[in-house]
Each structure stands twice: as C-alpha cells, then as structure tokens.
Amino acid sequence: MSSTLFLQSEIADPYSIYKSALDKNPVYWDEINKIWVIYSYKYCVEILKSSCAEIPLINPENEQKLNESALEILNNLTRLSNGIQHEISKEIAMMLFSNLQITDHKRLLQELFQNDLVENKIDWVNSIGKKLPVLVLLKSFVFEEDDCDFIIEKIESFSKIMLPKKTEEQVELINKTSEKLFSIVEKHLSSLPFYKSLTIKISNKYNLSTDKIISITVSNFIGLCIQSFDAGRGLLSNSLLQLIQNKNILDKTEIEKLVLETVRFDPPIHNTRRIATQDFYIGESPIKKNDPILIVLAAANYDPEKFKNPSAFDILRSNNNENLTFGTGGHMCLAKYFSIHLATEALWFLFNEYKTITLLENNIQYEPMTNARLPKKIWISIHN
Ligand code: HEM
C-alpha cells in the first residue's frame with residue numbers, strides 16, 4: 001500500500017494512488033500514521049453524515065501559543081466546531097453569506113490584469129487566484145480600499161491558522177496580524193445595515209450576549225476570507241489547467257460544465273478529517289472511539305461504483321455534480337455555487353477577452369500541503 005498521508009508537492013499523480021486504494025483497500029487502517037483512511041464514495045458519505053465522528057480539535061489547550069485575538073478567531077470557526085457551537089456559527093456564516101451584494105467580476109478582473117500583465121504574461125495563481133475570490137467577498141460587503149489592501153496582503157500568512165500543526169514562524173505571523181484584522185472586520189461589519197438584525201435574531205434564538213455574537217460573526221467572516229483564499233484559488237487554478245487542455249470549449253455554458261467536471265476530476269481540496277466519538281463499524285471495519293479518520297474526498301470522486309469511467313475528463317457526464325469535493329452532511333461547504341460561479345466568470349472573462357492562452361510551464365508545482373492540491377504558479381501568455 002503506498003503512502004496515505006503525503007504532501008501534494010511530492011506526488012505527481014495522486015489519482016493513481018487513490019484508484020489503486022479503491023481497488024484494494026477502500027477502508028484502510030494506516031498502522032504507521034495510526035489513522036483510518038476512507039476512499040470509497042459510499043463510506044466517505046457514511047462518515048461525513050455519521051453522528052459517531054466529529055471534527056478534531058486543532059490546538060488543544062492552546063499548545064501553539066496563539067494570542068488572544070487569533071485564538072478567538074480559531075475557536076469560533078464553523079468549519080472547526082461541533083455540536084451546538086457548530087449550529088450557531090454555521091447559522092451566522094450562512095446569514096453573512098446571504099448578505100453578499102452583487103459585484104462586478106469583470107471590472108475586478110480587468111483591474112487585476114492591468115496591474116500585473118507584463119509583455120502579455122501573467123501568473124494566474126498569484127495575480128488572479130490569490131486575489132479575486134477574497135476581493136469579490138470583500139467588495140460584496142463594500143469594504144474600503146485600504147481595508148481590502150490590508151486583508152489581501154495578510155491573508156496568505158493568516159490562513160495558516162487552519163493548519164493542524166504550525167511552525168513558530170507561522171504562529172508569529174498569525175499573532176502579528178490577528179488583532180488588526182479582527183478590528184478592521186468588526187468595525188466594517190458593524191456599519192452594515194444587516195448587522196443589527198443578525199445580532200438580534202441570533203440573540204433571541206440562542207440567548208447569547210451581543211459581544212459573543214459579534215465575536216462569532218467577525219471570526220467567521222475572516223473564515224470565509226481564508227477559505228476563499230485557499231480553496232477558491234485552487235478551483236480557479238485547476239479549472240484553468242483543464243481549460244487550456246480542452247481546446248474545444250465554445251461558450252460560457254460549456255465553461256461552467258468544465259468547471260464542474262474539474263471539481264470532480266482535479267479538486268482543490270483532497271481530504272478532510274474526523275475523530276470517532278464512539279465505537280462503530282464502517283462496512284466490516286471496527287472503528288474505535290478516538291480513532292482519527294482521513295476522508296479522501298478526491299478518491300471518492302474516482303470511485304467506479306459512483307462515476308462511470310472516472311479517469312475520463314467528461315464535461316457531459318450526467319452525475320458530475322454528485323462529486324464529494326465540497327463535502328456533504330452537516331459541515332458541507334456553504335460556498336459551492338459561489339465558487340463554481342466565480343471560477344466560471346473568471347475563465348469566461350479570460351477566454352472571451354484573449355483568444356490565445358498558452359501555458360508557459362508544463363511542469364506545475366504544488367503547495368506542500370496534505371489536504372489541498374494547489375498549484376504554486378501558473379504562468380500563461382495571452383493574446384487577443
Ligand atoms: C472553491 C472550492 C472549495 C472547496 C473545494 C471547498 C470544500 C469544502 C469542504 C470539503 C468542506 C467540508 C469540510 C468538512 O466536512 O470537514 C467545506 C466547508 C466549508 N467551506 Fe468550503 N470549499 C471551497 C470554497 C469555499 C469558499 C470560497 C468559502 C467561503 C467563501 C467556503 C466556506 C466554507 C465554510 C464556512 C465551511 C464550513 C461549513 C461547516 O463546517 O459547517 N468554502 N468546504
């Protein structure tokens with residue numbers, strides 16, 4: 001059995017590992033890393049929907065030495081919480097999301113291209129992927145220019161707050177930014193019309209203090225920025241790589257289909273984790289209380305029992321929307337359609353404005369992450 005926990009930067013083709021695991025061990029106990037690894041579609045769904053497994057704690061007893069503001073943000077994130085805390089923070093995150101205002105993607109894209117296009121060349125990851133999703137979010141909440149600049153500059157180092165293990169240097173940068181980031185977001189959100197009604201609604205429903213509600217709301221807004229920065233850029237990047245290879249794409253509807261099939265075929269997020277809260281069985285495998293579990297969403301997308309001929313990139317596949325890339329169950333991503341729409345808009349802009357798009361580097365390098373497959377750079381040249 002090949003490695004179960006690997007850095008995406010070190011593996012050229014993770015999908016061949018997943019296919020062989022699906023064939024041999026769809027539910028596998030990794031004795032070296034002491035973790036269950038789930039590959040099959042059916043069992044991934046079963047665990048994601050199970051009440052016997054929950055999100056593992058990051059940073060118990062603040063062993064990573066985050067400062068007060070950073071700890072407050074981390075502890076409030078819906079993505080990382082369980083039980084009633086998850087219920088409340090998810091509701092707040094969804095209320096935030098439902099208050100997004102429509103933004104002019106085209107104008108933002110034009111500005112980003114103008115800023116960084118030199119001699120018809122641009123690095124799609126750094127100039128578009130790392131900026132567009134976060135900017136769309138910030139502009140949708142009408143943040144001022146200076147605030148956008150600060151958040152765009154700091155979000156990369158701050159996003160490391162999600163890592164289960166952090167280096168001292170990462171912690172230092174997170175701590176350095178946390179207080180200002182929190183206060184910028186708090187000040188701005190509190191000036192928006194929906195904020196008061198959100199606070200009243202949550203306070204009536206859950207009997208929480210206004211301070212606590214503000215804390216959860218601000219933290220989860222920052223959480224949305226982090227997810228936009230990481231997963232958002234991954235989808236933009238991986239979809240562009242498919243667009244460049246699939247020369248027969250004609251219109252925006254086909255681009256949307258291409259994005260959706262990319263979500264299945266080459267997803268930005270490859271796995272997520274749970275911890276067993278009690279003994280239970282997955283198929284015939286006995287999972288014990290406190291066993292860690294790795295759910296390989298990207299492998300489930302290649303399960304032949306679910307997707308016919310899974311290794312074929314097929315934008316006409318009838319069930320590609322049933323991929324597990326955005327998870328399922330209580331913690332399912334709330335930005336699925338936002339992300340697919342944004343990637344479609346960005347690729348359509350590129351495709352429509354520039355008739356020739358050429359990839360300048362064939363050997364794409366990936367970030368050294370275990371849970372996400374994110375290209376480091378994609379240099380392209382574009383001509384109209
Ligand atoms: C673009 C590609 C994206 C992918 C592939 C993705 C994937 C996921 C996955 C797999 C989960 C579930 C994790 C689990 O069950 O353990 C998740 C949750 C979440 N995602 Fe996304 N995501 C993406 C983009 C975004 C964006 C852009 C945002 C915010 C604007 C976002 C916000 C969230 C939030 C808040 C949760 C937590 C939901 C909860 O725990 O209840 N995601 N995402």
Problem - Estimated distance in nm for a label pair at ASN204 and ASN352, the labels positioned 7 Å out from Cα along Cα-to-Cβ - result: 4.2
Practice task
Would you compute the Debye intensity of the range 229-384 from its alpha-carbon atoms alone, equal scatterers and no solvent, and pass along log10 I(q)/I(0) at q = 0.08, 0.11, 0.20 Å⁻¹ to two decimals?
Solution key: -0.27, -0.49, -1.34
Practice task
Taking H placed 1.01 Å from N in the peptide plane, check which residues at least 5 places from ILE35 or on another chain put their amide H under 5 Å from its amide H.
Solution key: ASP30
Fill in the blank from the handout: Taking every other residue with Cβ under 15 Å from the Cβ of LEU360 and scoring Lys and Arg +1, Asp and Glu -1, one gets -1
Exercise for the section: Springs between alpha-carbon atoms under 10 Å, Gaussian network over the chain: tell me which of ASP116, ASP147, ASP211 tops the mean-square fluctuations. Expected result: ASP211
Handout entry: Dipole of the chain, positive direction: furthest Cα of ASN371, ILE155, TRP29, with charges on the beta-carbon
Key = TRP29
Practice task
For GLU10 and LYS289, compute 0.36 nm times the residue count separating them, minus their Cα-Cα distance, and round to one decimal in nm.
Solution key: 97.2 nm
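Normalising by the residue count of the chain, find the relative contact order in percent from Cα pairs under 8 Å and 6+ residues apart.
Contact order relative to length: 27 percent.
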Handout entry: Helical mean residue ellipticity (222 nm; -39500 (n - 2.57) per DSSP H run of 4+; nearest 500) of the chain
Key = -15000 deg cm²/dmol
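Once the other residues with Cβ under 11 Å from the Cβ of ILE315 are scored (Lys, Arg +1; Asp, Glu -1), what is the net sum? All intermediate terms of the calculation are to be shown ahead of the outcome.
Working: positive: LYS257, ARG264, ARG317; negative: GLU254, GLU256, GLU261, ASP314.
Neighbourhood net charge equals -1.
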Problem - Over the range 126-257, equivalent-ellipsoid semi-axes from the Cα gyration tensor in Å - result: 31, 20, 14
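To the nearest 0.05, how large is the calculated FRET efficiency for SER140 and ASP116 if R₀ is 30 Å and r is the Cβ-Cβ distance? Could you put the intermediate results ahead of the total?
Numbers: r = 22 Å, r/R0 = 0.74.
Working from the Cβ atoms, E equals 0.85.
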Exercise for the section: Provide the per-residue ³J(HN,Hα) series for the range 361-367, in order, calculated from phi with Karplus coefficients 6.51, -1.76, 1.60 and θ = phi - 60°, each as a whole number of Hz, with x at glycine and proline positions. Expected result: 9, 7, 8, 6, 9, 10, 4
Fill in the blank from the handout: Of the candidates ASN290, TYR302, LEU243, the farthest towards the positive dipole end of the range 188-337 (Lys/Arg Cβ +1, Asp/Glu Cβ -1, centred on the Cα centre) is ASN290
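Only four residue types carry charge here, +1 at the Cβ of Lys and Arg and -1 at the Cβ of Asp and Glu. Report the dipole size of the chain about the Cα centre in Debye, rounded to the nearest 20.
Working: 42 positive and 48 negative charges, 140 e Å.
Its charge dipole is roughly 680 debye.
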Practice task
Beta carbons within 10 angstrom, averaged per residue: use that to sort the peptides 323-333, 279-289, 259-269, highest first.
Solution key: 259-269, 323-333, 279-289
Completion exercise
the range 8-383, convex hull of Cα, quarter of hull surface, nm² -> 18.9
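Net charge around LYS187, counting only other residues with Cβ within less than 14 Å of its Cβ (Lys, Arg = +1; Asp, Glu = -1)? Show your work: numbers first, answer last.
Numbers: positive: LYS180; negative: GLU144, ASP146, ASP147, GLU179, GLU186.
Counting the neighbours of LYS187, the net charge comes to -4.
Please work out the Cα convex hull volume for the range 25-159 and give it in Å³ per residue. Intermediate results must be reported in sequence, preceding the final value.
On the way: hull volume 28.9 nm³, N = 135.
Convex hull volume per residue, Cα atoms: 214 Å³.
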Exercise for the section: Pick out which of LYS212, LYS130, LYS19 has the largest mean-square fluctuation in a Gaussian network model of the chain, springs linking Cα atoms closer than 10 Å. Expected result: LYS212
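Computed from the coordinates by the stated procedures, all read-outs in this text should not be read as laboratory data. No experiment lies behind these values; they were computed from the predicted model shown. Here the Cβ is made from the backbone with ideal geometry for all residues, glycine too, and neighbour counts use every protein chain on show.
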